[in-house]
1. Assigning unit charges at the beta carbon (Lys, Arg +1; Asp, Glu -1) and nothing else, what dipole magnitude in debye, to the nearest 20, does the chain show about its Cα centre?
2. Once every DSSP H run of n ≥ 4 in the chain is given -39500 (n - 2.57) and the sum is divided by its residues, what mean residue ellipticity at 222 nm do you get, rounded to the nearest 500 deg cm²/dmol?
3. Any chance you could run the full-extension gain for Ile138 through Leu97? It's 0.36 nm times the residue separation minus the Cα-Cα distance, nm to one decimal.
4. Given (i) 1.24; (ii) 1.33; (iii) 1.75 as candidate values of Cα Rg over 2.2 N^0.38 Å, which corresponds to the one derived from the coordinates?
5. Would you mind checking the tilt of helix 2-24 against the longest principal axis of the Cα atoms of the chain, expressed as 0 to 90 degrees and rounded to 10?
6. Under the rule of at least 5 residues apart or a separate chain, name every residue whose amide H is placed under 5 Å from the amide H of Gly106.
7. Can you tell me, using C-alpha contacts under 8 Å and at least 6 residues apart, the relative contact order of the chain as a whole percent?
8. Length gain on complete extension for the stretch Asp123 to Leu70, per 0.36 nm per residue less the alpha carbon to alpha carbon distance?
Amino acid sequence: MGMKYEQDRLDAVQQVRDQLKPVLGPSLASRVKAYKDGTLFVEATLSSALAAWFVDTVLVNGTAVGLGILYYVRSTDPNKGAGAGVIALTLLFVLPLLYGWFYGNGRGVGALLTGTQLVRVKDGSRVGLAKAGWAMLIRTLLMPLAFLAAIGGSSDGSGGVRVSIDVEGTDQLRRTPFQRVP
C-alpha cells in the first residue's frame, strides 16, 4: 500500500503543478510539493537554501572564532592560545544553540535574507523552540553533511524532518484554490 500511495501522491502533486503553471508560472509551479499531511507548499530553491545555510553558518561560526581570536589578541595570559581555543570551541557549540532558540519560527538571519523558512515536513508547522537550537547546531557544525542529506531526500519533500520553503511563493500558492492533495 505504501508505494502505491506515494505514487498516487506524486501523481496528484504533478497534476496540481500542471494546473498552476498558468497562475504561478512554470518555475514556481515546478517547486510545488506536499507536506506529509497533504498540504501544498513551494519549496525553496537549492541556491536559496544554501545561501541561508551559508549566512547562518558564517554568522554563528564566525562569531565563535572571532571571539576566540579577540581573546588571543587582547589577552596577556601566557596560555592565551589554549584559552582562545577553549573559548572558540565552546562557542562553536553554545552559540548555535542560543541562535537557534531565537529562531524557533524557522526564520534565522539567513532565511530572512533569502525569503525562506525552515518548517516541519510533517505539516509545515514551526520548528519550535525545543528543536530550533538543535537544528541550528546541526546546520552550522555539520553543514556539509546536513546539506547533502537535505538535497539527497525524496522529491516529494518527505525525505527528512524539516524543509526550507519559499515564503513568498507559498503565500502566492495559498491565494489559489489548490491547498491540499489526498
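The values are calculated or read from the model by the stated rules, or taken from the named source; none is laboratory data. Values in this document were obtained by computation on a predicted structure and should not be read as measured data. So basically every Cβ, Gly included, is an ideal-geometry build from the backbone, and we count neighbours across all protein chains shown. Note: accessible area is taken over every heavy atom of the protein model, side chains too, but ligands, DNA and RNA are not part of it. Shrake-Rupley method; radii C 1.70, N 1.55, O 1.52, S 1.80 Å.
1. On the way: 19 positive and 13 negative charges, 45 e Å.
Computed charge dipole of the chain: roughly 220 debye.
2. One gets -20500 deg cm²/dmol as the mean residue ellipticity at 222 nm.
3. Net length gain for the segment: 13.8 nm.
4. Entry (i).
5. Orientation of helix 2-24: about 90 degrees from the principal axis.
6. Val127, Gly128
7. For the chain, the relative contact order is 30 percent.
8. Extending this stretch completely gives an extra 14.7 nm.
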